[in-house]
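Structure record follows, encoded as structure tokens.
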Amino acid sequence: MKLITLNLPEAYIDGLEKLVQENIYPNRSEAIRLAVRDLIRKENAYNPIP
């Protein structure tokens with residue numbers, strides 16, 4: 001895995017923190033990773049990724 005730097009609005013970070021605090025995701029990184037995966041799957045439905 002590669003490390004990237006990402007700038008997000010404070011409201012997005014607050015939303016991620018809430019998801020982690022509610023134990024929906026184990027941490028912010030995992031929530032972001034899954035969101036990116038789902039976006040790529042949606043945008044590239046004809047070419048699914050694992």
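Every read-out reported here was derived from the displayed coordinates using simple, explicitly stated rules and does not represent laboratory data. Quick caveat: nothing in here was measured; it's all calculated off a predicted structure. Don't worry about glycine lacking a Cβ; one is built from the backbone with ideal geometry, like all the others, and counts go over all protein chains shown.
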Just to confirm a number: summing +1 for Lys and Arg and -1 for Asp and Glu over residues other than Tyr25 whose beta-carbon lies under 12 angstrom from that of Tyr25, what do you get? 0
Write out the GluC sites (Glu not before Pro) in the chain meeting two conditions: DSSP loop, and at most 11 other Cβ atoms within 10 Å of their Cβ. Glu22
Rounded to whole Hz and in sequence order, give me ³J(HN,Hα) for the range 35-43 from the Karplus expression 6.51 cos²θ - 1.76 cosθ + 1.60, θ = phi - 60°, writing x for Gly and Pro. 5, 5, 4, 5, 5, 5, 4, 5, 6
Residue-wise HN-Hα coupling along the range 11-28, computed from phi with Karplus coefficients 6.51, -1.76, 1.60 (Hz; x: Gly, Pro): 4, 5, 5, 4, x, 5, 4, 5, 4, 6, 4, 7, 6, 7, 10, x, 6, 5
Burial ordering of Lys18, Lys2, fewest other beta-carbon atoms within 10 Å first: Lys2, Lys18
Any residue on another chain or 5+ positions along whose placed amide H is under 5 Å from the amide H of Tyr25 is listed here as Val20
